[in-house]
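One structure is given here, and the rest of the page talks about it.
The values are calculated or read from the model by the stated rules, or taken from the named source; none is laboratory data. Nothing here was measured: the structure is a model prediction, and the numbers come from that model. Cβ placement follows ideal geometry from the backbone for every residue including glycine, while neighbour counts extend to all protein chains displayed. All accessible areas refer to the heavy atoms of the entire protein, side chains included, with ligands and DNA or RNA removed. Shrake-Rupley method; radii C 1.70, N 1.55, O 1.52, S 1.80 Å.
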Amino acid sequence: MLYAIVTLLGTLCLIFLLRKHAHGFGLLDRPSRRKTHLGEIPMIGGIAIGIAFLLTSLMQYSFERDLFALFVCCLVILLTGLFDDLQEFSARSKFAGQVVAAVLMTTWANLYLTDLGNLWGTGQVVLTNWAVPFTIFCVIGLINAMNMIDGLDGLAGGIAAVAAMWLGVAAEIEHSSKDASLLFILASAVAGFLVFNLRHPWRRHASVFLGDAGSMFLGFVLAWFTVDITQGGRSDFYPVSAVWVMGVPIIDTVHLMVRRIFLGRNPFAPDRRHVHHTLIIIGLSETRTMWLLLGMSALFGAIGFFGWYYKVPEYVLAYGFLATFAAHCVFMQYWEEIFVFLGIRRKRLAAKMQSRQMAKP
C-alpha cells in the first residue's frame, strides 16, 4: 500500500514537472483531421507513468534479475514511443523497437507462453517449438492493441488500470506477491495520470495525453505480467482468463486488422472504424462512450477472473470469448441495419450527428 501511494504521488509530481517543459521538448499533440481535441496537449503522461513505476519498483525490489530485465525492456519501449512522439517514427521503426523488447523478454527473462490450457475441450494446448515466436507475436499484438485503443480521454489509461487490478488480485490469490505488488504499483501510476486525463465534472477535457510512449509501455507491461501469472509451476491463472481481462482492446484490434487485410489495406493504417468511433457516430457522447467501454472492460475482466476462480472449464471461457468477438464483428458491420430493425431510423441518427457537430466549438 505504501509503495502504491508513493507511486501515485510520484506520477502527479512528474506530470506537474514535465508539463511545464513539454513545449520546449516538442512533446505536444496538435489537432488534425484525425485528432479533434482543442489546442496543444502535452504528451508526457506515459513518461511520467513509466518513470514512477520503474523507480518505485526498484525502491521495493532493488535490481533482482527478472526485474532488471523488465526495467531494460520497458526502457526500450519507452524510448521507442518517445522518439515516435517527438518525430513521428515510421511504422517499421516502431515495430523494430517492439520486437527488440519482446525478444529480450522471451530470451533474457525466459518469460514466454508454453501452455495455453484446455482451450477447445480436447486437452492442453502446448506450444513446444512455437512458444517463443507465439509469445513475441502476442506481446507485439497487445502493445499495438493498447496503442490503437487510445482514442478517447481516459480510455486507454482506464482500461490499463482495470486490467492491472484484475491481474493483481489474481496474482495475490496465487501467492505471487511480487507480481501483485508490481501490478498494484502500475495501477497507482495510471491512477495518477488519470487525474489529468479522465473527464469528470471538474475537467471537461484531458490536460495531458499518454502519447505513444505511454500506450506502448502499458501494453508491454500488461503483456509481461499476463505471461508471468499464467505460466510456470506456481501459476494457474487461465491464459484465456487473461484474454478476457484484456478483451476490449484485443477484440477491437483483431477485428480492425482483419477488416483492413480483407480490404487490401495496411493493417496498421489509421482510420476511424474503432468501436469508440462507431459509438460516437451512433449518438453517444465521448464521455459516455469512454465510461461504457470502461464498464465493458471491467465486466470482461470479471468474467475472466471469476471464471478462473470458480474453475469454469477453460473451453467454456474460450468459446464464450469467440462468441463475444463474433457478436462484436456483426455489430460493427451491420449496426445501422440493426438499429433500423429495432426501430431507430436513419433520419433520427443523422439528426443526432448533425446536432452534435453543430454543438462543437
Could you please let me know if Ala171 is open to solvent by less than 10 Å² (accessible area, probe 1.4 Å) and at pLDDT 95 or above? no
I'd like the full set of residues that are among the aliphatic types (A, V, I, L, M) and either closer than 24 Å to Ala160 by Cα or open to solvent by 70 Å² or more (accessible area, probe 1.4 Å) (or both), limited to region 317-340. Leu317, Ala318, Leu322, Ala323, Ala326, Ala327, Val330, Met332
Would you confirm whether or not region 20-31 contains a residue that is basic (Lys, Arg), open to solvent by 20 Å² or more (accessible area, probe 1.4 Å), out of contact with any strand residue (DSSP E or B) (no Cβ under 7 Å at 6 or more places or on another chain) and free of Cβ contacts under 8 Å to residues at least 40 places away in the same chain? yes
Considering Val208, Val245, which residue is in contact (Cβ under 8 Å) with a residue 60 or more places away in the chain and touching a Pro at 6+ places or on another chain (Cβ under 7 Å)? Val208
From the list Leu18, Leu55, Leu38, Leu27, which residue is under 26 Å from Leu222 (Cα atoms) and at pLDDT below 85? Leu27
Give me the pairs: first residue in region 254-280 and within 20 Å of Leu322 (Cα to Cα), second residue part of a helix (DSSP H, G or I) and open to solvent by 70 Å² or more (accessible area, probe 1.4 Å), beta-carbon distance under 7 Å, and six or more apart or on different chains, which are they? none
Give the number of residues within region 100-119 that are open to solvent by 30 Å² or more (accessible area, probe 1.4 Å), of a type in the set (A, V, I, L, M, F, W, C) and either out of contact with any helix residue (DSSP H, G or I) (no Cβ under 7 Å at 6 or more places or on another chain) or more than 28 Å from Pro267 (Cα to Cα) (or both). 1
Which count do you get for residues in region 2-28 that are out of contact with any Asp or Glu (no Cβ under 7 Å at 6 or more places or on another chain) and within 17 Å of Leu82 (Cβ to Cβ)? 12
Whichever residue in region 125-149 is crowded, with 23+ Cβ neighbours inside 10 Å and more than 25 Å from Tyr315 (Cβ to Cβ) and, among such residues, is nearest to the chain's Cα centre (by Cα): Met146
Can you pull out every residue in region 264-287 that is in contact with a helix residue (DSSP H, G or I) (Cβ under 8 Å, 6 or more places away or on another chain), open to solvent by 40 Å² or more (accessible area, probe 1.4 Å) and charged (D, E, K, R)? Arg273, Glu286
Being buried (at least 24 other Cβ atoms within 10 Å of the Cβ), among the small types (Gly, Ala, Ser) and under 14 Å from the mean Cα position of the chain (by Cα) is the requirement here; does Ala223 meet it? yes
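If you scan region 288-316, which residues turn out to be of a type in the set (Gly, Ala, Ser) and open to solvent by 60 Å² or more (accessible area, probe 1.4 Å)?
First pass over region 288-316, keeping only residues of a type in the set (Gly, Ala, Ser): 295, 297-298, 301-302, 304, 307.
None - no residue of region 288-316 is of a type in the set (Gly, Ala, Ser) and open to solvent by 60 Å² or more (accessible area, probe 1.4 Å), so the list stays empty.
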